[in-house]
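Presented below is the structure to which this report refers.
The values are calculated or read from the model by the stated rules, or taken from the named source; none is laboratory data. On a predicted model such as this, the values are computed, not experimentally measured, just so you know. Methodologically, a virtual Cβ is constructed for each residue, glycine included, from the backbone with ideal geometry; neighbour enumeration extends over all protein chains shown.
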Amino acid sequence: MSTAAPLLKVENLGKSFGGVKAVDGISFELHAGELLALIGPNGAGKSTTFNMVNGQLKADQGSIRFNGHELVGQKPRAIWRMGVGRTFQIAETFASLTVVENVQMAMLSHDGKLFSMWRRAADHKRDEALVLLDQVGMKSQADRPCSELAYGDVKRVELAIAMANSPQLLLMDEPTAGMAPKERNSLMALTKDLVIQRGLAVLFTEHSMDVVFAYADRMIVLARGRLIAQGKPLEIRDHPKVQEVYFGSGKTFEKIAEKAAALGVTA
């Protein structure tokens, strides 16, 4: 892990719903240039944690500091403008707009000009939008309506939209949900390249363990709202508490880790 100050620092984070502690005092750090996977069984508190970092939920306790700034109490739009990008489990694009117009709309929003009727989206930073689309492999389809795209390509467009505010931190909620295995690996390999090229920090949730083991630099594991383990993929694979709580049936991560190795990525 880097010796530099963390880009994201979460301390003693907690959230309850009707007396039930969905997240119970978790702490972790994320550095620039790192992919951190947030995993756990259903009901572990992953989505609640993710949505507190993004500002969709307000924490009951604890601190979320991004680049030295407190995020608790900030609205999602304010957090986005601070340099935090976000993708969603179900890709969100404007189907009636072209690929490049979707990215331009995100740029308009970031620049505070979304409701300036005097300036058409088609005129706003088209060249910059095309650069982003080139980075995600979608420049050749820039002028196609998003409604005509295959789902894997829509996810690439969504990634370009998430990059429209030049983020330092990218939050990815189930980035490969609904994608075929080849598409999953292609999208995560692209994300890994962006992390390296731009020095991004990425926090992502993911149910496909082959993706997690292939591309995560570190993993944090939640169970019943508590953090039960964190470390590099091989450390998590062999962690007895993770084996017990995450699977319960005695299954191990070994076959999953073998799949990751087959992709040519060291877990």
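Some notes on this structure:
- Any hit, the range 25-37, residues being acidic (Asp, Glu) and touching a residue at least 60 places away in the same chain (Cβ under 8 Å): yes
- Number of the exception - Gly137 against (1) under 26 Å from Leu71 (Cα atoms); (2) assigned to a loop (DSSP other than H, G, I, E, B): (1)
- Of the residues making up the range 69-90, those that are farther than 18 Å from Ser166 by Cα and surrounded by fewer than 14 Cβ atoms within 10 Å (Cβ to Cβ) are Glu70, Gly73, Lys75, Ile90.
- Only one of Ala106, Ala129, Ala122, Ala95 that is at pLDDT below 80 and either surrounded by 13 or more Cβ atoms within 10 Å (Cβ to Cβ) or touching a helix residue (DSSP H, G or I) at 6+ places or on another chain (Cβ under 8 Å) (or both): Ala122
Yes/no matrix, rows are residues, columns are (1) in the same structural domain as Leu190 (by TED's automatic domain parsing); (2) modelled with pLDDT of 95 or more; (3) of a type in the set (Lys, Arg):
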site: Met1; (1), (2), (3): no, no, no
site: Lys21; (1), (2), (3): yes, no, yes
site: Phe28; (1), (2), (3): yes, yes, no
site: Leu35; (1), (2), (3): yes, yes, no
site: Ile39; (1), (2), (3): yes, no, no
site: Ser47; (1), (2), (3): yes, no, no
site: Phe50; (1), (2), (3): yes, no, no
site: Asp60; (1), (2), (3): yes, yes, no
site: Ser63; (1), (2), (3): yes, yes, no
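- Residues of the range 27-40 that are part of a strand (DSSP E or B) and in contact with a helix residue (DSSP H, G or I) (Cβ under 7 Å, 6 or more places away or on another chain): Leu35, Ala37, Leu38, Ile39.
- Condition check for Ile196: out of contact with any Ser or Thr (no Cβ under 7 Å at 6 or more places or on another chain), farther than 23 Å from Ser47 by Cβ and in the same structural domain as Ala44 (by TED's automatic domain parsing): yes
- Test: residue in the range 58-68 that is part of a strand (DSSP E or B) and charged (D, E, K, R): yes
- Answer residue from the range 197-216, given it is assigned to a loop (DSSP other than H, G, I, E, B) and surrounded by fewer than 18 Cβ atoms within 10 Å (Cβ to Cβ) and is farthest from the chain's Cα centre (by Cα) among those: Gly199
- Leu194 vs. criteria modelled with pLDDT of 90 or more, farther than 17 Å from Trp80 by Cβ and either of a type in the set (A, V, I, L, M, F, W, C) or not in a loop (DSSP other than H, G, I, E, B) (or both): no
Results for (1) among the β-branched types (Val, Ile, Thr); (2) assigned by TED's automatic domain parsing to the domain that holds Met188; (3) within 12 Å of the chain's Cα centre (by Cα), shown as yes or no for each residue.
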| position | (1), (2), (3) |
| --- | --- |
| Val136 | yes, no, no |
| Gln141 | no, no, no |
| Cys146 | no, no, no |
| Gly152 | no, no, no |
| Val157 | yes, no, no |
| Glu174 | no, yes, yes |
